[in-house]
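The values are calculated or read from the model by the stated rules, or taken from the named source; none is laboratory data. All values derive from a computational prediction rather than experimental measurement. Backbone-built Cβ (ideal geometry, glycine too); neighbour counts: all protein chains shown.
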Amino acid sequence: MSRQTVQFSITAAERLNETLNAFLQIDREGALRRAEEIEKSGNAGPLAGIPIAIKDNICVKGMQASCGSKILGDYHPPYNATVIERLTKAGAVVIGKTNCDEFAMGSSNENSAFGPVRNPWDTTRVSGGSSGGSATAVAAGIVPIALGSDTGGSVRQPASLCGVVGLKPTYGRNSRYGLVAFASSLDQVGVFAREVEDVARVLGVIAGRDPQDATTADVPVPDYTASLTGDMRGARIGFPRALFGKGLDDEVKRSVESVVDVYRDLGAEIVDVELPNAGYAIAVYYIIATAEASSNLARFDGVRYGFRAEDAPELRQMYRKTREEGFGPEVKRRIMLGTYVLSAGYYDAYYRKAQQVRTLIKNDFLKAFERCDAIITPTSPTPAFAIGEKTDDPLAMYLNDIYTVTANLAGVPGISVPCGLSSERLPIGFQLLGPYWSEDQLLKFAHAYEQKQPFTERPPISAS
Amino acid sequence: MPISQSDIEKVAQLAHLELGKEELKTFGAQIVEIVAYIEQLNEVDTANIEPAIGGLTPEGERTDTSRPDEAVGSLGQKTALAEAPDPAEGHFRVPKVL
């Protein structure tokens, strides 16, 4: 059984990759071998024989981890990320590594050194990013489940643009061991699936304290599937009216407002909340994320792994040429910006200031959650935009993350759930943000909506 | 704060990026624009506000991260060198330093 399921996924991945470019590696032989082993061993884990796709910045032993970058090119990590160890133990079969923006930096997947992922709903449009390959693989029905990473919205935003469910857990809920670091105080591994129940099942497997990652918290992991009762009575959904204004596409606005009505009909109480500092989130994010990235990416120097430039007879020259030839434009731009905001004389004006405003954003959430159990927003201000539309304007691209970055800055969990199609038949998603460790509640609310308004549409490019 | 072309060159040097003339020009202009955008933070009153320490939750901060002082296995020399672009005699070889 599991062999057949895995075979189906691999064949679909191979067949659709020319069109979608969702996979950077498809491990046909390895995956089939593992599926067979699971069948023989009688592994009765919660994910036994389930094919799964993994973003190419998460280490899977024996497979590549390019992070969508030339600088890591053919790198094969010698160990598994903790989330992979746990998935494998639960019986999941990794079938391949998915395309992503280089080092997870981007909102459209156009920053991959290996070409953009194409949206299965309209292949002239972006998949969203940075975990675009994982979102697309699930949306096109190639795999039921995929992992991504979310630093400023990189799971939730592509989930929204591709019409699937995407969860970013609380900071410290999942281990980052084996996730290639971009911005360590913001990064978190997230889950994609078509249905909320599958996200709940996978989170239950990968969540929890890991001695290999000192930032994972010692907080009990509940049975997430048990919380999916469909009961919204007594729940309070916060509605931040001010975020439904300028810059938000009309169709997205109407669609997410209709979700609020559904929650009201289900018995939830809708309460007005404010996040007064949310408008500063993008500015704060692009200081903190680039500062941390400039430090984290210093390790790519052509010495221990990956690419090394030729014709550089002196050490410093080798570093500079390797990094110049190995990194793409967005990564260089962010390293430059991060180096600038951290450089002597500017640290207090930028980095310290940003960390202070980050405290204010965090406090906004703590205060809002005194009045509600979750906050509803759009996930992305627009449906999927055209490939090439925003590549010349980095600032316009950064503004795609306006609804998602706050969760990473505050460390709170967030989930994106599909809630309809635009007039151009492009998916629209809404986002729920919750207090620390409230993933069970977010999944419960998301599931209740899904039961009432199931998203049954399928993209034209699809495995079945 | 105005950013000059020589500031951009200095930052590229600090970041170990050998940027070409065109890149310096493009990135320079884009960084000026992005910095102008992030300077909107100056309008926020942050007097007496503690900087956030990395999105950590109260539970995360309370978590005991120490472990028993026992030796555990490591990758070993052969595996650690397996991905190196230029390994030599059990070491990472680099171009001359001086």
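Screening the stretch B:24-62 for residues that are among the acidic types (Asp, Glu) and more than 7 Å from chain A (Cβ to nearest Cβ) and picking the one that is surrounded by the most Cβ atoms within 10 Å (Cβ to Cβ) gives B:GLU39. Just one of (1) surrounded by 12 or more Cβ atoms within 10 Å (Cβ to Cβ); (2) more than 8 Å from chain A (Cβ to nearest Cβ) fails for B:LEU98. It is (1).
Before we move on, is A:ASP301 among the acidic types (Asp, Glu) and modelled with pLDDT under 95? No: the conditions fail for A:ASP301. Only one of B:ALA84, B:ALA52 is touching a helix residue (DSSP H, G or I) at 6+ places or on another chain (Cβ under 8 Å), in a loop (DSSP other than H, G, I, E, B), farther than 30 Å from A:ASP392 by Cβ and small (Gly, Ala, Ser); which? The conditions single out B:ALA52. Condition first: over 30 Å from A:ALA293 (Cα atoms) and hydrophobic (A, V, I, L, M, F, W, C). Can you find one or more residues in the stretch A:48-66 that meet it? Looking through the stretch A:48-66, at least one residue is over 30 Å from A:ALA293 (Cα atoms) and hydrophobic (A, V, I, L, M, F, W, C). Can you find a residue in the stretch B:64-71 that is surrounded by 10 or more Cβ atoms within 10 Å (Cβ to Cβ) and not in a loop (DSSP other than H, G, I, E, B)? No, the stretch B:64-71 contains no residue that is surrounded by 10 or more Cβ atoms within 10 Å (Cβ to Cβ) and not in a loop (DSSP other than H, G, I, E, B). For the stretch A:71-90, which residues satisfy the criterion of being assigned to a loop (DSSP other than H, G, I, E, B) and crowded, with 22+ Cβ neighbours inside 10 Å? Passing the criteria: A:ILE71, A:LEU72, A:ALA81.
The strands (runs of 3 or more DSSP E) found wholly in the stretch A:350-464 and carrying at least 3 residues that are under 19 Å from A:GLU197 (Cβ atoms) occupy A:414-421, A:427-433. The conditions of being modelled with pLDDT under 95, surrounded by fewer than 22 Cβ atoms within 10 Å (Cβ to Cβ) and in contact with a helix residue (DSSP H, G or I) (Cβ under 6 Å, 6 or more places away or on another chain) are met by A:LYS390. Against the test of being in contact (Cβ under 8 Å) with a residue 60 or more places away in the chain, touching an Asp or Glu at 6+ places or on another chain (Cβ under 7 Å) and not aromatic (Phe, Trp, Tyr), the options A:CYS59, A:CYS67 yield a single qualifying residue, A:CYS67. Every test in (1) without any contact (Cβ under 8 Å) to a residue 40 or more places away in the chain; (2) out of contact with any Pro (no Cβ under 7 Å at 6 or more places or on another chain) is passed by A:LEU87 save one, and that test is (1).
Summed over the stretch A:327-347, residues that are buried (at least 22 other Cβ atoms within 10 Å of the Cβ) and more than 9 Å from chain B (Cβ to nearest Cβ) total 2.
Note on the stretch A:210-225: among residues that are touching a helix residue (DSSP H, G or I) at 6+ places or on another chain (Cβ under 8 Å) and of a type in the set (A, V, I, L, M, F, W, C), the one that is surrounded by the fewest Cβ atoms within 10 Å (Cβ to Cβ) is A:VAL221. Looking across the stretch A:268-282, just one residue is among the aliphatic types (A, V, I, L, M) and facing chain B (nearest Cβ under 9 Å), and that is A:ILE282. Out of A:VAL196, A:VAL219, one residue alone is among the β-branched types (Val, Ile, Thr) and either out of contact with any Gly (no Cβ under 9 Å at 6 or more places or on another chain) or closer than 18 Å to A:PRO427 by Cβ (or both). It is A:VAL196. Filtered by the rule that a residue be more than 14 Å from chain B (Cβ to nearest Cβ) and either under 16 Å from A:GLY190 (Cβ atoms) or hydrophobic (A, V, I, L, M, F, W, C) (or both), the stretch A:68-96 gives A:ALA81, A:THR82, A:VAL83, A:ILE84, A:ARG86, A:LEU87, A:ALA90, A:ALA92, A:VAL93, A:VAL94, A:ILE95. If the condition is being under 17 Å from B:LEU19 (Cβ atoms) and within 7 Å of chain B (Cβ to nearest Cβ), then the stretch A:303-321 contributes A:ALA312, A:MET318, A:TYR319, A:ARG320, A:LYS321.
Selection of the stretch A:228-274 for residues being surrounded by fewer than 18 Cβ atoms within 10 Å (Cβ to Cβ) and among the hydroxyl-bearing types (Ser, Thr, Tyr) yields A:THR229, A:SER258.
Residues being among the acidic types (Asp, Glu) and at pLDDT below 95 are represented in the stretch A:38-47 by at least one member.
Kindly check whether there is at least one residue in the stretch A:295-318 that is touching a residue at least 60 places away in the same chain (Cβ under 8 Å) and β-branched (Val, Ile, Thr). Checked the stretch A:295-318: no residue is touching a residue at least 60 places away in the same chain (Cβ under 8 Å) and β-branched (Val, Ile, Thr).
Checked against (1) loosely packed, with under 14 Cβ neighbours inside 10 Å; (2) in contact with a strand residue (DSSP E or B) (Cβ under 9 Å, 6 or more places away or on another chain); (3) facing chain A (nearest Cβ under 7 Å), B:ARG93 passes all but condition (3). Restricting attention to the stretch A:3-35, the residues being surrounded by fewer than 20 Cβ atoms within 10 Å (Cβ to Cβ) and among the small types (Gly, Ala, Ser) number 1. Looking at A:GLU39, A:GLU29, just one residue is farther than 23 Å from A:VAL117 by Cβ, touching a Ser or Thr at 6+ places or on another chain (Cβ under 7 Å) and free of Cβ contacts under 8 Å to residues at least 60 places away in the same chain, and that residue is A:GLU39. Count of the stretch A:36-51 residues, restricted to those that are part of a loop (DSSP other than H, G, I, E, B) and surrounded by fewer than 21 Cβ atoms within 10 Å (Cβ to Cβ), is 7.
Look at B:LEU17 and say whether it is within 26 Å of the chain's Cα centre (by Cα), more than 17 Å from A:VAL284 (Cα to Cα) and either surrounded by 11 or more Cβ atoms within 10 Å (Cβ to Cβ) or facing chain A (nearest Cβ under 7 Å) (or both). When the stated conditions are applied, B:LEU17 passes them. Does A:GLU439 fit the bill of being of a type in the set (Asp, Glu) and under 18 Å from A:THR124 (Cβ atoms)? Against the criterion (of a type in the set (Asp, Glu) and under 18 Å from A:THR124 (Cβ atoms)), A:GLU439 does not qualify. Scanning the stretch B:64-78 for residues that are within 9 Å of chain A (Cβ to nearest Cβ) and within 26 Å of the chain's Cα centre (by Cα) gives B:THR65, B:LEU75. Residues in the stretch A:283-302 that are at the interface with chain B (Cβ under 8 Å from one of its Cβ atoms) and at negative phi: how many? Residues meeting the conditions: 7.
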